[in-house]
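Report on the structure given below.
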Amino acid sequence: MRTLIKDGMIVTSEHEFKGDILIEGTKIQALGRNLRVEADEVINAEGMYILPGGVDQHAHFSFEFMGQRTKGFETTNAAALGGTTTVIEFVNQEEGKGLVETVEDYKKEWVEDISMVDYSFHPVITNPTKETFEDIKNLPSAGYPTVKLFMAYKGQFFHSDDEAVTNALLEAKDAGVTVMVHAENADLIELMQKRAIAEGNTDPYYHALTRPPIVETEATERAINLARFAEAPIYIVHVTTKGAVDAIKKAKEEGLPVFGETCTQYLLLDKEYLSRDNFEGANYVCSPALRDKDDQEYLWQSLKDGWLNAVSSDHCGFTTEQKKMGIDDFRKIPNGAPGLENRLPMLWTYGVEAGKITRSELVDYYAASPARNNGIDHRKGYLSPGYDADIVIYNPFVKKTVTIDDSLNGVDYTTYEGFEQIGECDRVFLRGETVVKDGKYVGQQGQGSFIKGTAYGTAFR
Ligand code: DUC
Ligand code: ZN
Ligand code: ZN
Ligand code: ZN
C-alpha cells in the first residue's frame, strides 16, 4: 500500500516546508516537493500541517496508584485522536519480581493486544534491594533504557529515599540507563498535610497548599546533587515551578547532564481550579500540584530557552467516582489528571497560535525530544525516509470548544472542559495505517506494538 500526502506544510523539529510525503507500507519512503510517484491513495493536504506522530514519554494506563487503578490501554484511542502515536508507560515494580520481569508480565497482562498506539515502558523501583539495583543493567537489552523513582509519597510502597535514588544512579550510569525522578520532598508534604488535617482543612484545595513550590524545588536540587555525587545523568519529570527550573538551569550551565520535562496542565491550568465547588476541584488534584499563572509563563519560556526539553501529559484516567475516595480527606484523592488527547491541540492553540512557541518547537517538545530521551528516535519523532509512518495531518481551520462529549479518555470529565481549541488532527497514521480519519478514531484495539528503546538516550549525548 502506497499513500501520497500532497502539498502539505511539513513541520519537523528543525524547519517547515511545503511538500509531499510518500508512505510505503509501514514506513516513510520519501519526502520532497512534487514527488512524481504512483500511489493507491493521494491525499490533498493543501493548507494542512503535517507533523510526526507524538511521543508521550509520561503516561499512566492501568496504573495502580493510591489504591485505585487508572483506565487502561483500551483508552489509548484517546492518544491517537490527539495525534500521539507512541506512549511510554510507568510500571511499578511488583513485590518479589525484578524490574524486567515486572514489565514483561505487565506488558502481557495489560498492554499487548489492547493498545491502540505504539508503546514502551519505564520500570519504577519499589523494592530497593541489591538484586533490584543489579537488574538495572539488564534493562537496555530488554528495551527499557530508563528507570524511575518516586521521591514523593511517603508511606506508599513506591516511595524511594535518597539512598535508593543514589544506588539507582550509580548502577544506571554504567548501563546507559537514564534515571527519572518525581522530585518532591515527601517529609515536608507529610508535615504540612498533617497540620492541614488537624485544622480541619480537608478540601481538595489543600492538596495544592500542602505541596507548595518549595517541596519541588528542594527535592529537585537534592536530586541533582545526588546525580552530581554519582556522576550520573538525571531526568526530572513534570517540572512545574521556577525554583525547580532554575536548579536544572544552574546544573546545565555547569555542564551536568541534567534534564527536565513539563506537562500540558502546568502550562495551562492553575491551582484555583482545585477550589471548584461540588468536589470538582478533586479532578485537578495531581502531583506536583497546579501552580500559578506566573509559573506557567516561566515554563513556556524555559522550554524556549532549552532548560526543559519535552511536554508530556502525565495522563491518569481516574473517574470522579474514584476521586471520591478523598471526599473527606484530600490526602486520599488519587493523584492524576487525564490529558493525553489534549496535549497536541492545547500546545497548538495556547503555544503556537498564541505566539509562545513555533510549530517546529512544538514538534520537538511533543515528539522528537521525547523520542530521543527514550532511545526510540531511530523510529519515532521524525519525518524522514526510513522512519515509521506515524504522521498527523493537522487541520488548523477547525475551531471548537473542548468538551467531555467528544473525549475518548474513558473517564467522565476533562480538565480542559470549555477551553477553546484551534485545529484538530484530521488524519493520523500509525505505521502507515489510518487510525484517525476526518477527526474521528477509526482504528482497532491491539494495533499498537512494543517499541524497543536503546540505551544512552539524550542524557548521555
Ligand atoms: N502524579 C500524579 O498526579 N499522578 C500519577 C503519579 C504522579 O506522580
Ligand atoms: Zn510523578
Ligand atoms: Zn506521572
Ligand atoms: Zn478530512
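Any read-out appearing in this document is the output of simple, stated calculations on the displayed coordinates, not a laboratory observation. Computed from a predicted structure; not experimentally measured. Methodologically, a virtual Cβ is constructed for each residue, glycine included, from the backbone with ideal geometry; neighbour enumeration extends over all protein chains shown.
Tabulated data for the structure shown
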quantity	calculated
Residue order, fewest to most beta carbons within 10 Å, for Thr241, Thr84, Thr454	Thr454, Thr241, Thr84
Positive-end residue of Leu268, Ile214, Leu408, charge dipole of the chain with Cβ unit charges	Leu268
Value in Å of the Kirkwood radius, where region 359-461 supplies the Cα pairs that are averaged	15.6
Footprinting exposure proxy for Lys452, Lys130 (fewest neighbouring C-beta atoms within 10 Å first)	Lys130, Lys452
Region 67-213: relative contact order as a whole-number percent, Cα under 8 Å and 6+ apart	19
DSSP beta bridges in the chain [antiparallel fraction, %, rounded to 5]	45
Residue order, fewest to most beta carbons within 10 Å, for Asp438, Asp118, Asp135	Asp438, Asp135, Asp118
Under 12 Å from the Cα of Lys97 - aspartates and glutamates, other chains or at least 8 residues apart	Asp105, Glu131, Asp135
In order through region 369-385: 3J(HN,Hα) via Karplus (6.51 cos²θ - 1.76 cosθ + 1.60), integer Hz, x for Gly, Pro	5, x, 5, 5, 4, 10, x, 10, 7, 7, 10, 10, x, 9, 9, 8, x
Relative contact order (%) - criterion: Cα under 8 Å, at least six apart; region: the chain	22
Distribution of pairwise C-alpha distances over region 241-290, 5 Å bins, in %	4, 18, 22, 16, 13, 11, 8, 5, 3, 1
Rg [Å, one decimal], Dmax [Å, integer] - region 294-356, C-alpha atoms	15.3, 42
Distant-in-sequence amide H partners of Ile376 (H built 1.01 Å from N, under 5 Å)	Thr454
Placed amide H near Gly54: partners under 5 Å, 5+ positions off or other chain	Thr84, Thr85, Thr86
For region 312-413, alpha-carbon Rg over 2.2 N^0.38 Å	1.33
Region 216-301: radius of gyration over Cα atoms, expressed as a fraction of 2.2 N^0.38 Å	1.21
Dimensions (Å) - region 61-175, Cα atoms, principal axes, largest first	41, 32, 24
Thr202-Lys250 pseudo-label distance in nm [points 7 Å out on the Cα-to-Cβ vector]	4.1
In Hz, Karplus ³J(HN,Hα) per residue of region 99-104 (6.51, -1.76, 1.60; θ = phi - 60°; x = Gly, Pro)	5, 5, 4, 4, 5, 4
Projected area, mean over directions - region 166-284, Cα convex hull, nm²	8.2
Cut-off 13 Å between beta-carbons: net charge of the residues surrounding Gly375, Lys and Arg +1, Asp and Glu -1	+4
Dipole of the chain, positive end: most advanced residue of Gln296, Ser160, Ser384 [Cβ charges, Cα centre]	Ser384
Structure-based [θ]222 nm, the chain - -39500 (n - 2.57) summed over DSSP H runs of at least 4, per residue, nearest 500	-7000 deg cm²/dmol
Calculated diffusion of region 1-113, Stokes-Einstein form, Kirkwood radius summed over Cα pairs, 20 °C and 1.002 mPa s, µm²/s	127
Residues listed by number, region 311-352, amide nitrogen under 19 Å from Val398 label point at 7 Å toward C-beta	339-352
Quotient of C-alpha Rg and 2.2 N^0.38 Å, computed over region 90-144	1.12
Rg and Dmax of the chain, Cα atoms only, in Å	21.0, 73
Size of charge dipole - the chain - debye, nearest 20, with Cβ of Lys, Arg +1 and Asp, Glu -1, no other charges	660
Value of relative contact order over region 58-138, rounded to a whole percent, pairs C-alpha under 8 Å and six or more apart	34
³J(HN,Hα) computed for each position of region 299-312 - Karplus, 6.51 cos²θ - 1.76 cosθ + 1.60, integer Hz, glycine/proline x	5, 4, 5, 5, 5, 4, 7, x, 6, 10, 10, 7, 10, 10
Cut-off under 5 Å, modelled amide H: who pairs with Asp412 long-range	Thr320
Sum of side-chain charges, Met151 neighbourhood, beta-carbon under 9 Å (Lys, Arg +1; Asp, Glu -1)	-2
Net charge, Leu274 excluded, C-beta distance under 14 Å - Lys, Arg +1, Asp, Glu -1	0
